[in-house]
Amino acid sequence: MADTASPSIKNGINTISSYVSSLTNSPGVYRMIGANGEVLYVGKAKSLKKRVSSYTHFDTLPHRLKKMVSLTSYMEFVNTHTEAEALILEANLIKKFKPAYNILLRDDKSFPYIVIKEDHDFPQILKHRGAKNIKGTYFGPFPSAGDVNKTISILQKVFLLRNCSDNIFDNRNRPCLQYHIKRCMAPCVNMISKDEYAEQVRCAQEFMEGKSRYVQERLARSMQRASENQEYEKAASYRDRIRALTSIQAKHDINNDLGNSDIIAIASSEGRYCIQVFFYRSARNLGNCVYFPRHSKDNTKEEVLSAFIGQFYNSNDIPRRIVINYNLEDKKLFEQAFCDKSGHNVEIYVPKRGKYKQALNFAQKNAMEALKRYLINRVTRNDLRTKVADIFELDNIPKRIEVYDNSHFSGTDMIGAMIVEGEDGYIKNAYRKFNIKQSDKGDDYAMMREVLYRRFKRALVEEGQNIGSDNWPDLILIDGGAGQLNACRQVLEDLGIIDDITLVAIAKGEDRNAGQEKFFMMNRKAFQLPIDDPVLHYLQRLRDEAHRFAIGTHRIKRKNRITHNPLDEISGIGNKRKKALLTHFGSAKAIASSGVDELIKVDGISSAMAQKIYDFFNC
């Protein structure tokens with residue numbers, strides 16, 4: 001270490017050196033932590049002692065790591081039994097803390113699946129995201145909810161499976177619209193036998209497992225028999241189902257012999273990386289997703305790809321084969337860790353020729369095209385943000401913009417919403433909704449005060465965020481006028497952060513015409529932008545996104561309130577008993593005003609259950 005090293009560098013090296021003597025050569029995970037408790041970096045090591053001591057050789061470190069060392073105030077360690085365990089733990093901690101000096105997978109949401117439930121005599125087909133806690137057969141993952149919806153729609157056309165909930169199914173007394181448009185066989189009213197429906201379910205499962213040709217041939221034989229028996233309407237129905245089956249095959253049967261594989265390709269340009277992931281399951285192409293990980297300028301393709309794979313499969317299903325376009329130094333370690341986690345063998349390799357190489361080339365081409373589009377959009381967005389900084393007199397180009405809006409209906413179901421835009425576009429996992437708790441009904445100013453207070457009070461106290469961190473906005477946009485601006489200003493003053501954030505309110509123009517918006521700022525007269533100004537259009541898009549999110553959240557809350565029945569909160573009251581109670585009394589209000597003796601008269605309600613219902617409404 002040079003004698004001219006700054007005090008912060010010396011302190012960082014001394015801090016790291018103080019841990020080396022007490023560390024062992026066992027595998028584990030280490031965390032480098034800053035003065036304010038923020039996690040700077042999470043790393044894994046085959047030997048903690050050797051890996052941590054490497055940070056003390058300051059002159060050999062790249063500039064990024066030198067800065068990280070200088071910021072390190074203390075470290076934390078977790079020993080693991082194996083290096084594979086360390087790999088999994090590292091991915092979990094990176095996801096939890098999102099350290100500034102790690103390569104980060106920005107979008108780590110789970111993927112949706114199609115599930116055929118198996119807990120009912122007539123299985124339901126539905127979309128599912130999250131933990132696989134539903135008893136049934138799962139198919140996927142699919143890149144987006146839209147892909148799932150389209151596939152379910154076609155499966156309904158072909159196999160006529162129900163998509164209604166068990167509650168709706170149990171309470172039907174005549175076929176619904178799905179039956180009349182030939183999307184369901186109406187098992188709810190016994191229009192098909194249990195065995196016949198089970199056969200359709202089996203055909204759907206076979207199709208999703210890749211046996212589409214067999215299913216199609218069986219439908220063709222059924223169509224031919226119906227035609228020979230002069231059942232022309234029935235034959236036409238089979239014809240339409242075959243056509244629907246052909247349409248989904250045309251979409252998914254590209255490279256249809258790749259088995260259960262993920263094809264992952266990374267591309268680079270102008271110091272940025274893009275990763276494309278194509279999903280192949282049961283010999284079927286389910287689609288693709290694109291990612292732009294956060295990384296530093298000195299990270300190599302191999303480092304970015306390795307970090308991506310570790311984080312991506314931390315929360316997603318692991319296929320038997322992962323095909324990549326660059327060799328990884330930790331390939332064997334990943335294979336071992338993924339095998340331990342998934343319970344089956346996992347192969348990671350770079351193909352040189354054949355069908356996997358062809359699929360990989362296709363993915364790499366898509367990655368490069370996506371990266372080109374991303375860089376063009378980034379330049380445009382950066383230009384707009386530069387102009388935003390000039391218009392609103394910001395010291396620097398804003399890296400994080402937060403937009404707030406409220407939604408309610410005559411003072412009911414009040415919702416506050418926050419959307420976030422970063423340098424790379426909308427940060428949807430940072431969106432927040434606020435159920436308004438204290439504000440008076442219809443008081444828009446009080447609602448906005450409550451939302452901002454809760455957002456920044458939590459940031460300051462509960463989460464310990466620091467002003468100027470990645471989670472701290474450079475610019476706040478409020479949907480409203482001078483009144484909303486003053487309400488929000490008061491909150492920021494009370495919290496002592498009024499000088500750290502620029503606050504702007506956007507008021508709709510006369511007759512709510514787009515292009516006539518007025519902008520309100522503290523210590524500045526209201527002003528407008530030219531109707532053809534690109535910055536105005538950019539700010540309108542941000543406001544409209546906040547409005548969309550607020551309205552959507554409000555509608556969900558209102559729908560839940562309208563459909564809520566207090567009987568659902570009583571344990572032991574299922575669909576059958578609820579139906580019997582509502583049929584007897586007519587409404588939940590009438591049930592609430594009834595005595596135990598009257599409740600016992602309902603079929604299926606015992607004296608104990610009647611007492612329970614009475615106590616729920618009266619105690």
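Rule-based calculations on the coordinates, nothing more; no lab input. Values in this document were obtained by computation on a predicted structure and should not be read as measured data. Don't worry about glycine lacking a Cβ; one is built from the backbone with ideal geometry, like all the others, and counts go over all protein chains shown.
For the reader, a short list of remarks on this structure follows.
- Beta bridges per DSSP, both residues in the chain: antiparallel share near 80 percent.
- Computed over the stretch 7-97: relative contact order in percent, which uses C-alpha pairs under 8 Å that are six or more apart: 40
- Nearby lysines by direct alpha-carbon distance to K518 (threshold 23 angstrom, same-chain neighbours under 8 apart not counted): K387, K508
- Value of relative contact order over the chain, rounded to a whole percent, pairs C-alpha under 8 Å and six or more apart: 8
- Each of A84, Y280, Y291 was placed along the dipole of the chain (beta-carbon charges, centred on the mean Cα), and the one lying farthest toward the positive end is Y280.
- With θ taken as phi - 60° and the Karplus curve 6.51 cos²θ - 1.76 cosθ + 1.60 applied, the whole-hertz 3J(HN,Hα) list for the stretch 54-62 is 5, 6, 7, 7, 4, 5, 8, 7, x Hz, x standing for glycine and proline.
- Only Lys, Arg (+1) and Asp, Glu (-1) charged, at Cβ; the stretch 261-373 dipole about Cα centre in debye: 520
- Computed per residue of the chain from DSSP H runs no shorter than four, each worth -39500 (n - 2.57), the mean residue ellipticity at 222 nm is -14000 deg cm²/dmol.
- Mean Cα-pair separation over length for the stretch 121-249, i.e. relative contact order, pairs under 8 Å, 6 or more apart, %: 25
- Less than 5 angstrom separates the built amide H of Y426 from none of the residues sequence-distant by 5 or more or on a different chain.
- Approximate spin-label separation Q540-K352, in nm, with each point projected 7 Å along Cα-to-Cβ: 5.8
- Cα-based shape type of the stretch 352-397, given that a ≥ b ≥ c are square roots of the gyration tensor eigenvalues and the cut on a/c is 1.5: prolate
- Ranked by how many other beta carbons lie within 10 Å on average, peptides 347-354, 234-241, 412-419 from highest: 412-419, 234-241, 347-354
- Amide H contacts of I348: I322, each under 5 Å away and 5 or more positions distant or on a separate chain (H built 1.01 Å from N in the peptide plane; Pro and chain starts excluded).
- Remark: the stretch 577-584, residue by residue, has Karplus-estimated 3J(HN,Hα) of 5, 4, 5, 5, 5, 5, 5, 6 Hz, where x stands for each Gly or Pro and the curve is 6.51 cos²θ - 1.76 cosθ + 1.60 at θ = phi - 60°.
- The charge dipole of the chain, taken about the Cα centre with unit charges on the Cβ atoms of Lys, Arg (+1) and Asp, Glu (-1), comes to about 1540 debye, rounded to the nearest 20.
- The dipole here belongs to the stretch 7-97: it is taken about the Cα centre, uses +1 on the Cβ of Lys and Arg and -1 on the Cβ of Asp and Glu, and is about 180 debye.
- Residue among A226, I322, F312 farthest towards the positive dipole end of the chain, charges placed on Cβ: A226
- Computed from label points 7 Å out along Cα-Cβ, the spacing between K297 and K132 is 4.5 nm.
- For the chain, with +1 on Lys and Arg beta carbons and -1 on Asp and Glu, the positive-most of N523, C184, S607 along the dipole: C184
- Length added when fully stretched, D424-H180, from 0.36 nm per residue minus Cα-Cα: 83.2 nm
- Added length on full extension, which subtracts the Cα-Cα distance from 0.36 nm per residue, D533 to N618: 24.4 nm
- Per-peptide average of other Cβ atoms within 10 Å, ordering 83-90, 552-559, 485-492, 519-526 highest first: 83-90, 485-492, 552-559, 519-526
- Here the spin labels are modelled as points 7 Å beyond Cα on the Cα-Cβ line, and at R213 and D170 they lie 4.4 nm apart.
- Lysines with Cα under 20 Å of K457, excluding same-chain neighbours fewer than 8 positions away: K433, K437
- Using the average count of surrounding beta-carbon atoms within 10 Å as a protection proxy, the listed peptides 32-42, 274-284 rank, highest first, as 274-284, 32-42.
- Cβ crowding within 10 Å ranks F616, F308, F409 as F409, F616, F308, fewest other Cβ atoms first.
- The stretch between S22 and T246, if pulled fully straight at 0.36 nm per residue, gains 74.1 nm over its current Cα-Cα span.
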